[in-house]
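Undergrad: Below is one structure. I have some questions about it.
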Amino acid sequence: MKTVQDYIRTIPDFPHEGIMFRDVTTLFSDARGFRIAIDQLLHPYAGQPIDKVVGLEARGFILGGAIAHQLSVGFVPIRKKGKLPGKTIEQDYTLEYGQATMEVHDDALQAGEKVLLVDDLLATGGTAEAGIKLIERMGAEVIGCAFIIDLPDLGGRKKLESLGMNVHALCQFEGE
């Protein structure tokens, strides 16, 4: 029986030399693989009250939309700066080669709502941490952070767990 990891393609030297890019589009394009991933991402949160699913740009939108549908709850996108119309709040975060900013609509979450944060990959944890900060600034509570892939050598899980987050990943790959 295939595991989620079996559906993920590795592309060497992308986006630059020395990086092993973990491509989840092969997982998304396979109906069985995609179903397995969504079911396994949901499993630890079965029976917990969840009001909204928040997905991080961009592959987190694909996962988050499917999970929100399964839970019959709303979906909220957190996007790169300048992509959302209307009033937003923003959070800066550090990238490997500089800084970036994430945004969310200022009325997307309500105080007290329970939120599941979703993305495809956990590397350094910078993007997820920015998402968590945005969610918490709106008064909502992150009940968990779910990812398909964890790259433990980059320290993202430790970073999120040090913030008190429950982190769930379906598989891990060594290295970058």
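The values are calculated or read from the model by the stated rules, or taken from the named source; none is laboratory data. All values derive from a computational prediction rather than experimental measurement. For neighbour counting, all protein chains shown are included, and Cβ atoms are generated from backbone atoms with ideal geometry for every residue, glycine included.
Undergrad: Just checking, which of LEU42, LEU56, LEU27 is hydrophobic (A, V, I, L, M, F, W, C) and in contact with an Asp or Glu (Cβ under 7 Å, 6 or more places away or on another chain)?
TA: Only one candidate qualifies: LEU56.
Undergrad: Separate question: Being under 17 Å from the mean Cα position of the chain (by Cα) and either closer than 27 Å to ARG9 by Cβ or modelled with pLDDT of 95 or more (or both) narrows it down to one of GLU136, GLU113, so name that one.
TA: Criteria check complete, one pass: GLU136.
Undergrad: A further question on this structure: So in the range 18-57, with the set limited to residues that are within 24 Å of GLY139 (Cα to Cα) and among the small types (Gly, Ala, Ser), which one is nearest to the chain's Cα centre (by Cα)?
TA: GLY55
Undergrad: Let me ask something else about it. When both residues are 6+ apart or on different chains and their Cβ atoms are under 6 Å apart, which pairs have a first residue that lies in the range 124-150 and is in contact (Cβ under 8 Å) with a residue 40 or more places away in the chain and closer than 24 Å to ASP39 by Cα, and a second that is of a type in the set (Ser, Thr, Tyr) and surrounded by fewer than 22 Cβ atoms within 10 Å (Cβ to Cβ)?
TA: Every condition considered, the pairs that remain are GLY144/TYR45.
Undergrad: Can you tell me which residue in the range 78-99 is surrounded by the most Cβ atoms within 10 Å (Cβ to Cβ), limited to those that are under 24 Å from GLY65 (Cα atoms) and among the hydrophobic types (A, V, I, L, M, F, W, C)?
TA: Going through the qualifying residues, I end up with ILE78.
The rows are residues; the columns are (1) hydroxyl-bearing (Ser, Thr, Tyr); (2) surrounded by 15 or more Cβ atoms within 10 Å (Cβ to Cβ); (3) within 18 Å of LEU63 (Cβ to Cβ).
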position	(1), (2), (3)
ILE132	no, yes, yes
MET138	no, yes, no
GLY156	no, yes, yes
GLU161	no, no, no
